[in-house]
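FYI, it's all coordinate maths here, none of it is from the lab. Everything quoted here is computed from the prediction, not taken from an experiment. Virtual Cβ from ideal backbone geometry, glycine too; neighbours counted across all protein chains shown.
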Amino acid sequence: MGVRIKGLGFYVPGKRLTNFDLEKMVDTSDEWIRTRTGIQERRIASNDEATSDLAYQAAVQALQRAQVKPEELDMIIVTTATPDYLFPATACIVQSKLNAQNAACFDVEAACPGFIYGLEIARGFLELPRYRKVLVIGAETLSRLVDWEDRNTCVLFGDGAGAAVLEKDNTDHGIISSYLKGNGALGQLLILPAGGSRRPATQDTVQQREHYIKMQGREVFKYAVTGMQEAALKTLERAHIKPEDITWLVPHQANIRIIEATRERLGIPEHKVYVNIAKYGNTSAASIPIALTEMVEEGKIKEGDLVLLVSFGAGFIYGGMLIKW
Ligand code: UT7
């Protein structure tokens, strides 16, 4: 018995923040951002939108396309680094908005690879007889945690959500293999220092700007390339598939140069790699489900395609997943 994605959806807020807008906010340029990251614009949630609102919109679309009613859901997993609250879980808020009264619900904090982690957790549950339909959502409002005075980070991130409905499947389609890994020793290189139990909010943490993302970009870059390569190769090895046999590589969209370096190391031609970073920037856990939804909408992914997902993020954690569509 396998596990298959039955429907996908995504939502991004209407407000676009372009590189030219950022030129007016910090000492940067469209040219620097485009050439160093590949990003041209990103979406920003409106003041009355939180992560659960984005997640809900993506979920409604995924459920419609899967032809699944909210009350049929056995579980809702939201993967996010930017929950509405520390608790209750954002998945509970989404459950209430959907009126999915039969669903268990919890959040997974697995940074950028969160969606891959969420799919793997859903797969584990769906292998049990009791669970039949699980909704996995990657959703972020990173604009709320970005220091808009720090040009090293504020140009990189965007808001958005992507969702997938997963079901049991008795064909040979669906999730084939996966590889999840962590390296917690390097966690300080990409961190939001305050607001948790280690550094609760005080006047001091606010003054020191410790409630914003801190990143040592150059270091993260190096580990991202080696981590994505390891995750891709191990995932393929576990399925006895060679890189040249995959139809699509769908990488986390953090930086076009990370994607390009990973692609080169794997020996995968450019036309097999999906890239949408120019439009959305780095949307963390939402980046892969947004990409997958666009690919399906554009008719790029076809039945039987071998699709390799790969991601890297804060933790550090990284992972890959191979899906036969
Ligand atoms: O989601 C997963 C986790 N995140 C990532 O994977 C991100 C990984 N890192 C990166 O993508 C890149 O390291 C960055 C895009 C963050 C930075 O690119 P870089 O090529 O590594 O630049 P750098 O940090 O080495 O900085 C080069 C120069 C510096 O100036 P000096 O010291 O050489 O004078 C920076 O101050 O570029 C400067 N710089 C900027 N200039 C204009 C940094 N940010 C900007 C900016 N505009 N926004």
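Values for this structure:
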read-out: Spatial separation of Cα centroids for segment 81-117 and segment 209-228, in angstrom; value: 25 Å
read-out: Percent of alpha-carbon pairs separated by more than 16 Å within segment 222-283; value: 41 percent
read-out: Exposure proxy order (Cβ contacts within 10 Å, fewest to most) of S197, S284; value: S197, S284
read-out: The chain, relative contact order [Cα under 8 Å, separation at least 6], %; value: 25 percent
read-out: Vicinal HN-Hα couplings computed from phi for segment 137-147 (Karplus, 6.51 cos²θ - 1.76 cosθ + 1.60; Hz; Gly/Pro x); value: 10, x, 9, 8, 10, 5, 4, 7, 10, 8, 7
read-out: Sequence ranges 78-89, 129-140, 16-27, ranked by mean other-Cβ count within 10 angstrom, highest first; value: 129-140, 78-89, 16-27
read-out: Theoretical FRET efficiency, 1/(1+(r/R0)^6), r = Cβ-Cβ of E260 and E219, R0 25 Å, to 0.05; value: 0.85
read-out: Per-selection Rg to Rh, the chain - Cα, Kirkwood hydrodynamic radius; value: 0.95
read-out: Ratio of Rg to Rh over segment 175-324 (Cα coordinates, Kirkwood Rh, two decimals); value: 1.04
read-out: Where only C-alpha atoms are counted, convex hull volume of segment 94-251 per residue in Å³; value: 169 Å³
read-out: Area projected by the alpha carbon convex hull of segment 105-170, averaged over all directions, nm²; value: 5.3 nm²
read-out: Spherically averaged projected area in nm², based on the convex hull that wraps the Cα atoms of segment 2-171; value: 10.5 nm²
read-out: Contact order relative to length of segment 1-140, as percent, for alpha carbon pairs under 8 angstrom and 6 or more apart; value: 27 percent
read-out: Net +/- balance of residues flanking H211 in space, Cβ distance below 14 Å, scoring K and R +1, D and E -1; value: 0
read-out: Percent of beta bridges antiparallel (DSSP, the chain, rounded to nearest 5); value: 70 percent
read-out: Listed pairs K15/K133; K168/K214; K234/K272; K97/K302 exceeding 30 Å between Cα atoms; value: K15/K133; K168/K214; K97/K302
read-out: Computed FRET value (nearest 0.05) for T171 with H211, which takes r as the C-beta separation and R₀ as 41 Å; value: 0.30
read-out: Listed peptides 57-67, 255-265 by packing density, highest first (mean Cβ within 10 Å); value: 57-67, 255-265
